[in-house]
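To start, the structure itself, in structure tokens.
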């Protein structure tokens, strides 16, 4: 029975000193202290000394990394990408699509469903738990790098094709609520258990509210690809920033939004309702150059991913996002790791993820006091140690 100990443990809502956690069959079966562990010498103890154990990170918006794009990568590529994620503290993730020709997207969804259903999914790597569909139901005006020719009007019939191709593994969808047909689609997808996220949108405040009333409950990379906030025309951001029923994600790389805006979002939404995401692409962890994001080429230089003069994803890792949140929003490590673990797990609807408690999945990250990853445990198995 594996047992892990450290100077501190964040559940993340509580702090436990000199903590020991015992694992069996991939789940936490006991939380105790180092003194208790010394009384049971037959246990297989891994002591992380002065490090801090926190729940595994959950990235609900990531397109790739380690030269793998989730829409076109083979299972071998995905496995390499998932190992890379684990090295940066991510134990669960949503492979995220981008807008492409419908047949290309359908094929990608089938392949991602295969990866999610694979018998070895998550063994020694981050686990894919569902698919985030980003596109094709986006605003032309706020499409970012999404190919305009492949954007589609929101239709339940179109979504049903995507749903069937994914074999029901679409768990999260970004949609512009102002589009004709969006209200019906939001309601339909919500009934299927999909978390609807408003984004890539030029919605007015009133149009955003319609989407929320239909079932939307999250916001995609807040501030990016959205109608700008104006004091007389608050738009979609007015709804996102003031509605406590909406959670909001942010790309805290210091490029997509200024550090002061990351601070502003945490102040407006609170630590409870803010979610760190990476929006990372295949170039993450790779040298500068040309990389694919879906079916389009992206130029990466000095940490910026660009396509036709527009930002096209990031090369951010989740452990860096946590450290940036601490710096930008003046959070402590417990608060910042919560925004990368418990909060996204709640958005995704996984009660056994993002927490360290008896009965929860044994997914942890071991950190230095500055938030540097020292080790990652998935399902109670040590899969990455640095």
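For residue 104, the stated conditions hold: it is touching a residue at least 40 places away in the same chain (Cβ under 8 Å), surrounded by fewer than 23 Cβ atoms within 10 Å (Cβ to Cβ) and closer than 21 Å to residue 280 by Cα.
Screening the candidates 159, 84 for the property of being assigned to a helix (DSSP H, G or I), within 25 Å of residue 382 (Cβ to Cβ) and modelled with pLDDT of 95 or more yields one hit, 84. Taking every residue in the stretch 191-207 that is under 20 Å from residue 277 (Cβ atoms) and pairing it with any residue that is at pLDDT below 95 and in a strand (DSSP E or B), at least 6 positions away or on another chain, yields no pair with a Cβ-Cβ distance below 8 Å.
Residue 290 falls short on exactly one of the conditions (1) in contact with a strand residue (DSSP E or B) (Cβ under 9 Å, 6 or more places away or on another chain); (2) modelled with pLDDT under 95, and that condition is (2).
Residues are listed down the side, and each one gets a yes or a no for (1) modelled with pLDDT of 95 or more; (2) more than 30 Å from residue 194 (Cα to Cα):
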position	(1), (2)
11	yes, no
27	yes, no
35	no, yes
42	no, yes
45	no, yes
64	yes, no
75	no, no
102	yes, no
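The residue list 240, 257 contains one member that is surrounded by 17 or more Cβ atoms within 10 Å (Cβ to Cβ), at pLDDT 95 or above, closer than 25 Å to residue 281 by Cα and in the same structural domain as residue 128 (by TED's automatic domain parsing), which is 257. Quick one: in the stretch 367-386, of everything that is over 27 Å from residue 263 (Cβ atoms) and under 19 Å from the mean Cα position of the chain (by Cα), which residue is surrounded by the fewest Cβ atoms within 10 Å (Cβ to Cβ)? Checked the stretch 367-386; the qualifying residue surrounded by the fewest Cβ atoms within 10 Å (Cβ to Cβ) is 379. Condition test on residue 334, is it touching a residue at least 24 places away in the same chain (Cβ under 8 Å), surrounded by fewer than 24 Cβ atoms within 10 Å (Cβ to Cβ) and assigned by TED's automatic domain parsing to the domain that holds residue 92? The answer is yes for residue 334. Taking the conditions (1) modelled with pLDDT under 95; (2) not in a loop (DSSP other than H, G, I, E, B) in turn, residue 109 satisfies each one other than (1).
Filter the stretch 343-386 for residues that are in contact with a helix residue (DSSP H, G or I) (Cβ under 8 Å, 6 or more places away or on another chain) and outside any loop (DSSP other than H, G, I, E, B); which is farthest from residue 82 (Cα to Cα)? Only one residue fits best here, namely 343. Only a single item in (1) at pLDDT 95 or above; (2) touching a helix residue (DSSP H, G or I) at 6+ places or on another chain (Cβ under 6 Å); (3) assigned to a loop (DSSP other than H, G, I, E, B) is not met by residue 186, and it is number (3). When 143, 171, 125 are screened for being under 22 Å from the mean Cα position of the chain (by Cα), in contact (Cβ under 8 Å) with a residue 24 or more places away in the chain, part of a strand (DSSP E or B) and in the same structural domain as residue 71 (by TED's automatic domain parsing), only 171 passes. Residues in the stretch 274-311 that are surrounded by 24 or more Cβ atoms within 10 Å (Cβ to Cβ), on the phi < 0 side of the Ramachandran plot and not in a strand (DSSP E or B): 278, 281, 282, 283, 284.
The values are calculated or read from the model by the stated rules, or taken from the named source; none is laboratory data. These numbers were taken from a predicted model, which means no experiment stands behind them. We place every Cβ from the backbone using ideal geometry, glycine too, and count neighbours over all the protein chains shown.
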